[in-house]
Each structure stands twice: as structure tokens, then as C-alpha cells.
Amino acid sequence: MIDIAVEAAYDKLGENPVALDVSKYYALSDAFLLVSGRNERQVQSIAEEIEDKFRDAGYRLVLKEGQQLGRWILLDYGDVLIHVMHEQERMFYSLERLWADCPVLKVPAASAASL
């Protein structure tokens, strides 16, 4: 799921994807994926692309928050919580620091086609 989401984010020029294994500390999900966008429209576009790719793969969206403002969109797919954040929100809330005890999962590198 992480790989699909990261590739979808790269398709819409998402930046700095970080996946965290939160299963030891958070009972409701196994992983968080954090992805940045440079503006509200890009954040919305990244989230929409992830939703499209997950729908095609047969994953069901449990909850979506923040679509209207486009500053921080949360996509809850049960096993994975995806945080698509405006770069300013990501720096301010610093979720990587808050979840620093969690192992970082490997994410695919951006392919030449997505750059």
C-alpha cells in the first residue's frame, strides 16, 4: 500500500515521502505515510491521485478529512493512514519528530518518469 501511495504522490509531484511503522504505538493502524505538497491545489491533487490508485487496487477508504482546505488531508485506509500536507503544515506539526520512536519504512525512490 505504501508503494502505491508513494508512486501516486510522485505522479502529482509530491515531495519528501516518509513512511513510519506505528504498529507498536498506535493500535488503529500499522503505518503512517507523510507526503508534502507546495500549495493547496497540489495537496488536493496528490490526495485525489492516491484515492484513484487505491480504488483501482481495490482498497476501501474508511475516512477522509481536510479536502476542502487542502492544507492537510488525511486518508484513512485502516492499515495505513496517509497524511498529505502542505509543506508549511508539515514543518509546523513535525509528525516525524512526534513519532520519532517509530521505525522508518523504506519508500520507493522517484522514477525519472514521475519527475
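None of the figures in this text is laboratory data; all of them are computed from the coordinates on show. All figures in this text were calculated on a predicted structure; none of them were measured in a lab. Positions of Cβ are backbone-derived with ideal geometry, glycine not excepted, and every protein chain shown enters the neighbour counts.
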Estimated dipole of the chain in Debye, rounded to 20 [Cβ of Lys and Arg +1, of Asp and Glu -1, Cα centre]: 160
Going highest first, how would you order 49-57, 30-38 by mean Cβ packing within 10 Å? 30-38, 49-57
Net charge over other residues, Cβ less than 10 angstrom from the Cβ of I50 (K, R count +1; D, E count -1): -3
Each label point is 7 Å from the Cα along the Cα-to-Cβ direction; what then is the distance between the points at D76 and E96, in nm? 2.6
Set of aspartates and glutamates with alpha-carbon distance to K53 below 19 Å, sequence-local pairs under 8 removed: D3, E7, D11, E15, E65, D76, D79
Give me log10 I(q)/I(0) at q = 0.11, 0.15, 0.18 Å⁻¹ for region 2-102, Debye formula, one equal scatterer per alpha-carbon, no solvent. -0.27, -0.52, -0.77
Residues of region 67-91 with backbone N under 19 Å of the label point set 7 Å from the Cα of E40 along Cα→Cβ are 67-75, 84-91
Say R0 is 22 Å: what FRET efficiency, to the nearest 0.05, do A109 and D52 get from their beta-carbon distance? 0.50
Spin-label point model (7 Å from Cα, Cβ direction): what's the Q67 to D3 distance in nm? 2.8
For region 47-52, Karplus couplings with θ = phi - 60° (6.51, -1.76, 1.60), whole Hz, Gly/Pro x: 4, 5, 5, 4, 4, 4
Over the chain: helical MRE at 222 nm, DSSP H runs n ≥ 4 each giving -39500 (n - 2.57), nearest 500: -10000 deg cm²/dmol
